[in-house]
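Asker: Have a look at the structure that comes next, please.
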Amino acid sequence: MPHKLVIAVDGPAASGKGTVARALAAHYGLAYLDTGLLYRAVGARAADAADPLCALAAANALETEWLDDPAIRSEDAARAASIVSAMREVRAVLLDRQRAFADQPGGAVLDGRDIGTVVAPGASAKLFVTASMEARAHRRANELGRDYIEVLADLGERDRRDAERAVAPLVRALDADLLDTTDLPIAVAVRRAIALVEARIRRTR
Ligand code: CDP
């Protein structure tokens with residue numbers, strides 16, 4: 001029986017990690033989880049995202065249907081997500097869910113900030129997807145129809161919070177392959193991602 005495939009995809013906001021992760025899941029026929037949606041749902045549903053007790057209550061009450069709410073795709077929800085995601089207790093509750101997803105028999109692709117470092121440190125392949133701050137802000141501004149300068153400031157603040165927090169900060173795992181998508185069209189980024197995963201699987205087989 002072939003070894004179960006678990007692929008960890010991490011990186012900052014608007015780096016292309018979600019697109020790459022979804023494409024990898026389709027390519028290998030694996031289940032896919034965008035873990036950012038969990039933090040967004042908790043941030044958006046907490047009565048006060050800055051209050052750890054409210055955030056923890058929302059994390060404990062989290063239901064899968066919350067992930068389908070379009071409101072959690074907003075930048076307000078992203079900001080709330082980055083606040084609740086710095087709370088150790090919230091992360092602990094969400095960690096169990098993510099590990100259960102990663103452990104499913106058919107294998108899985110998960111994307112987020114700490115998949116390769118905390119959620120699935122034993123993943124078969126790990127990618128750290130990145131892009132310049134300017135490229136990421138342009139993408140997000142286009143997606144949301146928002147002002148580039150405002151988006152640039154929001155992303156900078158969120159990157160800083162994600163990278164500087166004490167618990168599970170955004171950091172490249174030592175064994176993650178780097179994929180810089182700054183100048184890459186989506187199709188090329190996806191081809192490279194598949195090539196990196198293939199090379200990694202061959203090396204560790
Ligand atoms: O799509 P985008 O990169 O803008 O954000 P996201 O992946 O939906 O994540 C939203 C926020 O959730 C991030 O800024 C992080 O603060 C947090 N997050 C996290 O801490 N750990 C994860 N595994 C995923 C997201």
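Asker: With Arg91, Arg73, Arg99 as the choices, which residue is free of Cβ contacts under 8 Å to residues at least 40 places away in the same chain, closer than 27 Å to Leu5 by Cβ, within 13 Å of the ligand (Cβ to nearest atom) and among the basic types (Lys, Arg)?
Answerer: Arg99
Asker: OK, next. Tally the residues that are more than 20 Å from Thr19 (Cβ to Cβ) and of a type in the set (Val, Ile, Thr), restricting the search to segment 120-158.
Answerer: Count: 1.
Asker: Need pairs with beta-carbon distance below 8 Å; first residue open to solvent by 40 Å² or more (accessible area, probe 1.4 Å) and within segment 175-192, second assigned to a loop (DSSP other than H, G, I, E, B); sequence gap 6+ or separate chains.
Answerer: Final answer for the pair search is Leu178/Arg172; Asp180/Ala131; Thr182/Ala131; Thr182/Ser132; Ile186/Gly16; Arg192/Leu184.
The values are calculated or read from the model by the stated rules, or taken from the named source; none is laboratory data. What you are looking at is a predicted structure, and each value in this text was computed from that prediction instead of being measured. Neighbour counts are summed over all protein chains in view; Cβ atoms, including those assigned to glycine, are modelled from backbone coordinates with ideal geometry. Heavy atoms of the whole protein, side chains included, go into the accessibility calculation; ligands, DNA and RNA do not. Shrake-Rupley method; radii C 1.70, N 1.55, O 1.52, S 1.80 Å.
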